[in-house]
Amino acid sequence: MRLCEKVTHLRQVEGQIRGLGRPLSKAELARAMRAELGAGLSHAYLSQIESGARAHLSVHSRELLARFFKVHPGYLVDDPPGYHTEILSAPLLEPDSLRSWLVNRAEEQRSDPLVYRVLLRLSELHDPRRFLAMLDDLLDLSPERVEQVMWVARDGPAHDDSRVRISDSVGAE
């Protein structure tokens, strides 16, 4: 975020905090700084900052704005290119941490025997993530296709070698 955006945002927040229901105007900011801090910045200087015409603040100006808005002075600089305040990608859980997570969630679901048992069984697998991916794929199927898959898993003819029963392949882990 650029300095000009940060100051604009801080004026918005300050206006809300002060109960205005709108951003604090630059003129109101200049007056409030003088009244509350005994020193301030001019309306013209604030306009230059917010328009981006003044990309950097003097040490004195940065210190005044930081004191008024109650932020760290280091906040009042442009963020470096590519800087983000949020995590942009979620790390994948390692198998061991996923297994621990599954055990903990199972304990929370102890009152539901099916959910409890399934979560514990998943936690005992070598790669529980593989089975979660399979479940994710199943959830994308149409209801009719789910019924077909369930038939193969439960009732499919055992003598038909062209079909692998899901229950057999799950048990093989």
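Tabulated results
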read-out: Some residue of the range 6-24 being buried (at least 18 other Cβ atoms within 10 Å of the Cβ) and either small (Gly, Ala, Ser) or farther than 30 Å from Gly82 by Cβ (or both); value: yes
read-out: Extreme residue, modelled with the lowest pLDDT, among residues of the range 133-156 that are part of a loop (DSSP other than H, G, I, E, B) and exposed (fewer than 10 other Cβ atoms within 10 Å of the Cβ); value: Asp155
read-out: Filter result for Val77 (surrounded by 10 or more Cβ atoms within 10 Å (Cβ to Cβ) and modelled with pLDDT under 95); value: yes
read-out: Test: Glu173 is assigned to a loop (DSSP other than H, G, I, E, B), touching an Asp or Glu at 6+ places or on another chain (Cβ under 9 Å) and at pLDDT below 85; value: yes
read-out: Residue in the range 15-29 that is under 29 Å from the mean Cα position of the chain (by Cα), at pLDDT below 95 and among the aliphatic types (A, V, I, L, M) present; value: yes
read-out: Filter result for Leu125 (touching a residue at least 24 places away in the same chain (Cβ under 8 Å) and either assigned to a helix (DSSP H, G or I) or of a type in the set (Phe, Trp, Tyr) (or both)); value: no
read-out: Given (1) in a loop (DSSP other than H, G, I, E, B); (2) among the aromatic types (Phe, Trp, Tyr); (3) surrounded by 14 or more Cβ atoms within 10 Å (Cβ to Cβ), number of the condition Tyr83 does not satisfy; value: (3)
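The values are calculated or read from the model by the stated rules, or taken from the named source; none is laboratory data. Since we're looking at a predicted model, the values are computed, not measured. Here Cβ is always computed from backbone atoms with ideal geometry, including for glycine, and neighbour counts include all displayed protein chains.
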